[in-house]
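Chemist: Sharing a structure, written as structure tokens. Questions coming.
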Amino acid sequence: MGLPPDDAVVSDALRSVEKFFDVAERLLHHKDYMAGNDFTLVDIYYIPLIQRLFACGYGDIIVSREAVSAWWDRCVNRPAIQRMLAADKEAAVAASR
């Protein structure tokens, strides 16, 4: 939108995200995926949200948490997710032309 970010709003949002992934870290020590030991729609839901964190320079929220980072790796290394990510990149390149 071209508007400057409101630093207070960003800080509050990041604190909320940090708290969420603190909880996820504890839960993911006992299961492979967000809703249990199977990959589900719950995991798929988080993929674009976490991609946005990385794109905005906040990927450390994910990689600094051992269990969350391992979960993220399991998610993004699935063949279907790899194909989706590749298609997203191709679409972004095509849109920038």
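Chemist: Just wondering, is there one or more residues in the stretch 75-97 that are at pLDDT below 95 and among the polar types (S, T, N, Q)?
Modeler: Taking every residue of the stretch 75-97 in turn, at least one turns out to be at pLDDT below 95 and among the polar types (S, T, N, Q).
Chemist: Could you give every pair whose Cβ atoms fall below 6 Å, whose first residue belongs to the stretch 73-87 and is closer than 14 Å to V63 by Cβ, and whose second residue is assigned to a helix (DSSP H, G or I) and of a type in the set (D, E), counting only separations of at least 6 or pairs across chains?
Modeler: Pairs that qualify, where the first residue is closer than 14 Å to V63 by Cβ and the partner is assigned to a helix (DSSP H, G or I) and of a type in the set (D, E), are C75/D43.
Chemist: Follow-up question, since we're still on this one. Consider D12 carefully, then state whether it is assigned to a loop (DSSP other than H, G, I, E, B) and at pLDDT 95 or above.
Modeler: Details: assigned to a loop (DSSP other than H, G, I, E, B): no; at pLDDT 95 or above: yes.
In short, no.
Chemist: Looking at this structure, is D38 modelled with pLDDT of 95 or more, acidic (D, E) and within 15 Å of the chain's Cα centre (by Cα)?
Modeler: When the stated conditions are applied, D38 does not pass them.
The values are calculated or read from the model by the stated rules, or taken from the named source; none is laboratory data. Since the model is a prediction, treat every value here as computed from it, not as a measurement. Every residue, glycine as well, gets a Cβ built from its backbone with ideal geometry; the counts of neighbours run over all protein chains shown.
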